[in-house]
Amino acid sequence: MNMKVKKLACVALSFAMVISAAACSKKSGKKEASPAGEAAENVLEAVTSLSVKKLKKIEGMEETIETFEEIASCDAIKAVMDKASFEINEDDIKEKKKKATVPVTVTMPDYEAAAEEADGDEDDFIEAIEAQKEKKYISVDCTLEFEVEDDEYTLTNGPEFCEELLVPVIEACEDFLSISSPTTEISLETDETDATTKAPTDDTKETTEATEDTKDTKETKAPTDDTSATSAAGPAAKLEKVTPKKIKVDKDVFEKILKEADPDSAGSMIATGAGSVGSYATTETVVAYDAEFELMYQYYEFSDTASAKAYFDSMTGSLKSICTNYEVSDDWGYVSYQYSDYSCIYYFSENGMIVALSMSSAAEKVEKINAFAKALCK
């Protein structure tokens, strides 16, 4: 899988969701579904059917709706997912201490073979999918992980699941559509996206962030001297490797670093107080953006180190293979990665976390992230 598509897991962003029991038309298997199995069915049915209506009924999926709308509008992807089915082996479900893991298998047409046969023609791709015999279908094994509280199942590994299941499909169909990440935070957030986390600000800024995060990053543009022109090859500047160390971070440290690295964006800083990110409560949140909403900086303060690390791990755990920096310990960690138009930094130390993200391929934007990294790690 090339790195261009991995941002679905990074923009990623806050994909935790509370799942209620529901029937699933695509599930195969004879054993009656357990509550965990039914929760998994609900997730699988919504995602494999690309149903925006069903996704809207799942708490925590708000930031993924726009991306799923873009995916669902692609006839090539719809052709693949219309043929998809899934199976849940109830015997393999494990529940322990308010946690549940549900292994699932999703079966679908061999989209890579169809893409090779179509050679860039969407109609030919769809015809190849329709004509493909089921014996040539491929299977994808995934695991859904839930937290269980009062019989409610909260999905905790949404970004990883979507990366495994949908990213390869989108990669095979990339000639037929232009999207960025689903979220994040998906932002498919997210926010890759992720690879971002949702800024808990007013409705206007949330809407703007979602719009910018799902901009067409694959649009073909005439070659110019403008370094801000989007390139399918990714950012014009490289995210630099730094030597991170553990420091004590709080909102004052965050403000000082931001003023040094990007004083213009520092002028937009807003403190929003207590809130939540994903399924984790925060005691303090501070956000800042540049004028184009292409650079985003965030500070989160959690009640304890365990919560900070848990959120940090949920957003960075699957990214090691594409990281510029990857250093993680029990009470602090620094992860930086660059993928397509995205350049992102996650840093946590004890109960504080800092996120810096460029959603632009422009060299000047990436250099701002580099400056922020150097200020943080000096």
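Laboratory data are not the source of any read-out in this text; all were calculated from the coordinates shown. Remember, it's a predicted structure, so these values are computed and weren't measured experimentally.
A few notes on this one:
- Taking 30 Å as the limit for the C-alpha separation, the pairs 54/94; 98/135; 97/378; 56/78; 78/238; 54/83 exceed it in the case of 98/135; 97/378; 78/238.
- Annotation: amide H-H contacts under 5 Å for residue 360 (H modelled 1.01 Å from N, sequence separation of 5 or more, or interchain): 343.
- The gain in end-to-end length when the residue 364 to residue 238 segment is fully stretched comes to 44.3 nm, 0.36 nm per residue minus the alpha carbon separation.
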